[in-house]
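A.B. asks: Here's a structure for you.
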Amino acid sequence: MSNLSNINGFLVNKNLNLWDFSRELLALKKIERKGKSMSEEEKEKRLSRRERFVKYRQKRLRKAIEAIGLCENMANKNSYEYTDEEAKVIIKNLQDALSNLRHAFTKVEKGKNYF
């Protein structure tokens, strides 16, 4: 193995065995990832409140609809066994969550009128 290597822009002048070399390579990759995540955080801070809303709206809405669809699949009596009481609990929890969501958005709208 060569004493001089160029790894991800880092110049390494060491006499390392294979184990030490692989550990150092992992450490350099970890540092590189950390730097990228910090820049992503900085980019996130630069987004306006409107841009953040638009960015997350589609992704979160899609995930919520998919999750509800998965709950809907549980209604298939050929695949699942459940009581009417268990079904009512699922429906009530989803209705409560939707009610909380509706309240959160109407609360925000009312709050705007005061400022």
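The values are calculated or read from the model by the stated rules, or taken from the named source; none is laboratory data. Quick caveat, the model's predicted, so the values are computed rather than measured. Here Cβ is always computed from backbone atoms with ideal geometry, including for glycine, and neighbour counts include all displayed protein chains.
A.B. asks: Would you confirm, using the coordinates I've provided, whether E81 is acidic (D, E), exposed (fewer than 12 other Cβ atoms within 10 Å of the Cβ) and either in contact with a strand residue (DSSP E or B) (Cβ under 9 Å, 6 or more places away or on another chain) or assigned to a helix (DSSP H, G or I) (or both)? Walk me through it before giving the result.
C.D. replies: Values: acidic (D, E): yes; exposed (fewer than 12 other Cβ atoms within 10 Å of the Cβ): yes; either in contact with a strand residue (DSSP E or B) (Cβ under 9 Å, 6 or more places away or on another chain) or assigned to a helix (DSSP H, G or I) (or both): no.
It is false that E81 is acidic (D, E), exposed (fewer than 12 other Cβ atoms within 10 Å of the Cβ) and either in contact with a strand residue (DSSP E or B) (Cβ under 9 Å, 6 or more places away or on another chain) or assigned to a helix (DSSP H, G or I) (or both).
A.B. asks: What number of residues within segment 1-55 are among the aliphatic types (A, V, I, L, M), in contact with a helix residue (DSSP H, G or I) (Cβ under 8 Å, 6 or more places away or on another chain) and at pLDDT 65 or above?
C.D. replies: Total satisfying the criteria: 2.
A.B. asks: Out of the residues in segment 56-80 that are in contact with a helix residue (DSSP H, G or I) (Cβ under 8 Å, 6 or more places away or on another chain) and of a type in the set (A, V, I, L, M), which is nearest to Q95 (Cα to Cα)?
C.D. replies: I68
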